[in-house]
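Data block below; observations after.
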Amino acid sequence: MIDINKNYWLYVLPHVYCCIKEAKALLYNTLNGSSYVTHDSLLVDLIKSLQKKSNLGTISCQGRELANSPYKEFIIEFCGKEMGELIETQFTEKPVQMMPVLNLQQDIKKLLQAGDRTIGEEVLPYLQELNIYINNSCKLECHYCDKYFRQCLCCTTQETVEQVAMPYSLLKTILSQIRYGAVGKLNLMGGNVFEYPYYMALPDILSGFGEYVHLWNHYRHFMIDSIVFPTFVYHVVVTFPIIKVAWENCLHICRTHQAKFHFYVTGIEECEEVEKIVELYNIDDFVIHPIYTCKNLLFFKKYIYLNENDILQTKIPFRQIFIHQKMNSYSFGIFTIMPDGNVYANINAVSLGNIHRDSLLQLIYKEMLTNTAWFKIRDSEPCSDCLFQYLCPSPSNYEAIIGISNLCHVAR
Ligand code: SF4
Ligand code: SF4
C-alpha cells in the first residue's frame, strides 16, 4: 500500500536485465524468467532513470506520484515479479545496487593493444571445437548434400570440387597444434570417413584425445564389415527417405558403441517419421536438424520462427544475455577445416586461410581481429531496434542461408 504522504526508494535488483529502445522498455528477471514490457512513455522514463549509471539502480519517488496510474500498476507488477522493491526513505539510506556490467576477461580491444606478441600465449584457449573434413569421397547422392553442412554439422562432398583426402601428415600437424590447447570436441567427418585412406590409423594418431573424438558418417555407410572403433563416439547422419535394410544394419552395428543419431528433416512429415522411428527402435540419443531447401519456407515460418512467447518462456541467465551481446554462441570457438586445408570460423563465412601455410594460432588471432563469424551478433535491423535483441539466440546459419537477419514473427 503506497502512502501519498511518504517518500520511497524504488530499486531494481541486479539480476534484472533491462532493454530500452526508443519509446518502449523491457525488464527481464533472469532468475525466474518473468518479464515486463511497456510502451507507456512515463514508465519508459522511470525505467530509464533506474538504469542511469549515476543512480546505481535506485531512484527516490514521492508516494503522491506512485499512488496514481500508470505507476501504481507498474509497482505491483514490478515487485510481484521480484524485479525490485519499494522501501520508505525514512527507514534506510539509499540502497545501492551493483548493476552487472560486461567484463569479459579477454576483450578484443585488449588483444588489439597487445599486438602480435599475444599469439600463442593468449589466443589458443579460444579454440574449443574443431571440425575436420578428412575426405570428400562418398558414393551416396543425398539430395541436399550441398545444403545440410551449411546449416548444421554434417558430412558433404560439396565444398571441394576434386576428390580430396587430407594427407596423413597434415592431419598429424593439425593435431599437434591442438594437443595442449582447450579443444574439448574434435569432429572428424567426410564424405564417407570409412573410405579415408588412413582410417585404420586414426586410433593411433588420435590417442590422447580420448572421448573428445567424434566421427560422423551416414547410416548407409555402416556395413556389416565396417570397422567401428570403441574409443570414438559415432555420429550417424540420417537423411530421408530412409532405406530400412541399411538403417537396421546400421542400428545393429551401433548398438554396441557410443552413437548419436542426427535426423535432417525438411518438413513436418519427416519430423513425424522421426518420432515414430525413435520410438520403434528405442533411440534415446538423437537430434533433429531442420533443413532449409529453398522450397520449405512455410515449414520454417510455422515451426522454426520464434514468436514473443517462445522467447520469453525460456529462462535466460544473465551470462547468456552477455554472451549474446558480445559473441556468436553458435560459431565462437569453433573452426572448420576442409579436406583441401581451407579453414573457416563458420562454413558460410569467407575462408580465414589454409592450414597448409597458416597455423591455427595465426588463424585464431586473425578471426579475433577480423571477425568473419565469431562475433556476429544481432546488431543490424530489425534486431537492433527490438527489445529482445539479446534475449534471442545469436544469428545462426539459417539466417545466413535464408538470407534474412531475423527468423521470427516479432518484426517483419
Ligand atoms: S552421405 Fe553425406 S557426403 Fe554423402 S551424399 Fe549424403 S550428405 Fe553428401
Ligand atoms: S527482431 Fe531479432 S531480436 Fe527481435 S525477436 Fe526477431 S530475431 Fe529476435
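The values are calculated or read from the model by the stated rules, or taken from the named source; none is laboratory data. All of these numbers come straight from a predicted model, not from anything done at the bench. Virtual Cβ from ideal backbone geometry, glycine too; neighbours counted across all protein chains shown. Please note that ligands, DNA and RNA were not included when accessible areas were found on the heavy atoms of the full protein model with its side chains. Shrake-Rupley method; radii C 1.70, N 1.55, O 1.52, S 1.80 Å.
Quick notes
- Considering segment 211-260, the residues that are touching a residue at least 60 places away in the same chain (Cβ under 8 Å) and not in a strand (DSSP E or B) include one that is nearest to V278 (Cα to Cα), namely T239.
- Filtered residue count, segment 368-379, keeping only those that are modelled with pLDDT of 95 or more and open to solvent by less than 20 Å² (accessible area, probe 1.4 Å): 2
- Of everything in segment 279-289 that is closer than 20 Å to I304 by Cβ and surrounded by 15 or more Cβ atoms within 10 Å (Cβ to Cβ), the residue that is nearest to the chain's Cα centre (by Cα) is H289.
- Test result for Y365, of a type in the set (F, W, Y), within 23 Å of Y148 (Cα to Cα) and open to solvent by 20 Å² or more (accessible area, probe 1.4 Å): no
- Any hit, segment 56-71, residues being touching a Cys at 6+ places or on another chain (Cβ under 9 Å) and within 19 Å of T30 (Cα to Cα): no
- Residue in segment 351-368 that is free of Cβ contacts under 8 Å to residues at least 12 places away in the same chain, away from ligand 1 (no atom under 16 Å from the Cβ) and over 25 Å from S169 (Cβ atoms) present: no
- Condition met for T256 (surrounded by fewer than 16 Cβ atoms within 10 Å (Cβ to Cβ) and of a type outside the set (A, V, I, L, M)): yes
- Comparison of V37, V12, V16 shows that the only residue that is under 30 Å from the mean Cα position of the chain (by Cα), touching a residue at least 24 places away in the same chain (Cβ under 8 Å) and over 18 Å from F388 (Cβ atoms) is V12.
- Residue check, Y17 part of a strand (DSSP E or B) and open to solvent by 20 Å² or more (accessible area, probe 1.4 Å): no
- For segment 241-281, residues that are closer than 17 Å to N296 by Cα and among the β-branched types (V, I, T) total 3.
- Residue check for Y292: hydroxyl-bearing (S, T, Y), part of a strand (DSSP E or B), touching a residue at least 60 places away in the same chain (Cβ under 8 Å) and open to solvent by less than 60 Å² (accessible area, probe 1.4 Å): no
Okay, residues lined up against (1) surrounded by 13 or more Cβ atoms within 10 Å (Cβ to Cβ); (2) outside any strand (DSSP E or B):
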site	(1), (2)
V44	yes, yes
L50	yes, yes
C61	yes, no
R64	yes, yes
S69	no, yes
E77	yes, yes
E85	yes, no
Q90	no, yes
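- Figure legend. Inter-residue proximity from segment 380-401: first residues among the hydroxyl-bearing types (S, T, Y) and open to solvent by less than 20 Å² (accessible area, probe 1.4 Å), second residues more than 8 Å from ligand 2 (Cβ to nearest atom) and in a loop (DSSP other than H, G, I, E, B), beta-carbon distance below 6 Å, spacing 6+ or different chains. Indicated pairs: S394/N328; S394/S329; S394/Y330.
- Segment 142-205 holds helices (runs of 4 or more DSSP H) entirely within its bounds, and those carrying 1 or more residues that are under 15 Å from F335 (Cβ atoms), in contact with a Ser or Thr (Cβ under 7 Å, 6 or more places away or on another chain) and near ligand 1 (Cβ under 10 Å from one of its atoms) map to 145-151.
- Helices (runs of 4 or more DSSP H) contained entirely in segment 297-412, each with at least 3 residues that are within 14 Å of ligand 2 (Cβ to nearest atom) and in contact with a Leu (Cβ under 8 Å, 6 or more places away or on another chain): 318-326, 397-402
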